[in-house]
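What follows is one structure encoded as structure tokens, with my remarks underneath.
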Amino acid sequence: MTEATSTVRWAILGSGAIASDMVQILKQLPNCEVLAVGSRSVEGAKRFGDRWGIPRQYGSYEEAASDKDVDVCYIATPSLRHPQDCLLAIKNGKAVLCEKSMAPNDTIAKEIFDAAKEANVLVVHGVWSRFFPAMQKVRQIIDSGEIGEIRSARASFCQNDGAGSCSALLETGIYCAQFLQWVLEDKDVSGSPIVRGAAKTIHESGNDEHVTAIIEFPSKKIGSFECSLAHCSDRSATIYGSGGVIEIPFPFWCPTTVKVTKMTGLGSQKWSEPELYEFPLPADIVALKTEDADASTPGFNFCNSQGLAYEAAEVNRCFREGLTESPSFTTAQCIDILRLITEIGNYA
């Protein structure tokens, strides 16, 4: 355990769009420093490092991960490299925050977590949804019994972007699966969720491009989801209870709004006035001006990227407290989600 106010020093492995967003977040968190960047070339590291004022610029991921002054490695390399780069950081005794998906299946994810356990280092899978205040509120509403007994939930994450370049299951489906786990998991009931049905279409590249799935959770709860990289959906999620519903509108995977509607009477046709809960993104997190010759303010690349501050702050907290996993997204939960993703891929 380190001092609660000690500076946590990060290395960024990768220099793409999500790395740019995360650097802007980390530079604005208290007692946090972006010390190093590693890229596939010296030129790439220099370009990214100069742009964001990162002092140590390495032309390989290995050099950045082995920097003796680095505490945490943020893995933002191409997704097929995530397992080897996680293991590289762990081998060098670094804590890890890895962008999703950290592994293509649960077997490889378990290898990563086993290596982290042996090295006694923190590893967090960057499925950032878990750390949003709106998601915490959803869980509070569920636990309060406000909409009665939860019986089912659905999520849809379809976008017409990236079909064939990667697996829709691993790119957007993982957000759906983690949502269903978050809202349907009952820690007081033993047993694991079971895939009861799935269908998919395959792109000519061999990657799945459109997947639907049905998952049965313990206590007779049913979850369903649809994900795609070939067409659009409203990208929302809903939880259904015996006394009402909870709706999370776009973008449900990085939410700022939760709507609760209670339903009673004959045929559940008496609807209450909806209760709306708003959770604005951190007001003190802004798009930064670059530190290179352009001195421009390019902004963030992704929807609600300011919310990356929630997971980054959690990693800093866990590191300072000497934890090896985040209580908000445990090793067991992460492995179980990737198990479901693997089984859905095999089922369909």
What stretch of the chain, leaving out the sites themselves, is the longest with no GluC sites (Glu not before Pro) in a DSSP loop having at most 16 other Cβ atoms within 10 Å? 4-145
Measuring from its Cα centre, the chain shows a charge dipole (+1 at each Lys and Arg Cβ, -1 at each Asp and Glu Cβ) which, in debye to the nearest 20, is 320 debye
Cut-off under 20 Å on the C-alpha distance; same-chain residues fewer than 8 positions from K27 excluded. Which aspartates and glutamates are left, in chain and number order? E3, D50, D67, D69, D71, E99, D284, E291, D292, D294, E311, E314
In segment 1-81, which trypsin sites (Lys or Arg not before Pro) fall in coil by DSSP and have 14 or fewer other Cβ atoms within 10 Å? K68
Descending semi-axes in Å of segment 256-348, equivalent ellipsoid built from Cα gyration tensor: 35, 26, 17
Projected onto the charge dipole of the chain (+1 at Lys/Arg Cβ, -1 at Asp/Glu Cβ, origin at the Cα centre), which of Y277, S165, N207 gives the Cα projection farthest towards the positive end? Y277
Pairwise label distance in nanometres, S60 with E118, each label 7 Å out on the Cα-Cβ vector: 2.2 nm
Hey, if you drop one equal point scatterer on each alpha-carbon of segment 3-76 and run the Debye formula without solvent, what base-10 log of I(q)/I(0) do you get at q = 0.20, 0.23, 0.26 Å⁻¹? -0.72, -0.94, -1.19
Between segment 35-79 and segment 286-314, what's the alpha-carbon centroid distance in Å? 17 Å
Averaging over all projection directions, find the projected area of the Cα convex hull of segment 77-157 and quote it in nm² with one decimal place. 7.3 nm²
Charges at C-beta only: +1 for Lys and Arg, -1 for Asp and Glu. How large is the resulting dipole of segment 1-78 about its Cα centre, in Debye rounded to 20? 220 debye
Could you tell me what percent of the DSSP beta bridges with both partners in the chain are antiparallel, to the nearest 5? 55 percent
From the residues I147, L87, Y347, which one has its Cα farthest along the dipole of the chain in the positive direction, the dipole being from +1 and -1 charges on Cβ of Lys/Arg and Asp/Glu about the Cα centre? I147
Mean Kyte hydropathy of -1.0 or more with a Cα span along the axis of at least 20 Å, helices from DSSP in the chain: 331-347
Cross-link reach from K221 to lysines, straight Cα distance under 17 Å and at least 8 residues apart if same chain, gives K187
Out of V96, N316, G265 - ranked by how far each Cα lies towards the positive end of the dipole of the chain, with unit charges on the beta-carbon of charged residues - the top one is G265
For the table K200/K259; K46/K94; K117/K259; K46/K68, the rows whose alpha-carbon distance is greater than 28 Å are K200/K259; K117/K259
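Read-outs throughout are calculated quantities, based only on the coordinates presented, and are distinct from any laboratory measurement. None of these values were measured; they are calculated from a predicted model. Note: ideal-geometry Cβ built from the backbone for every residue, glycine included; neighbour counts use all protein chains shown.
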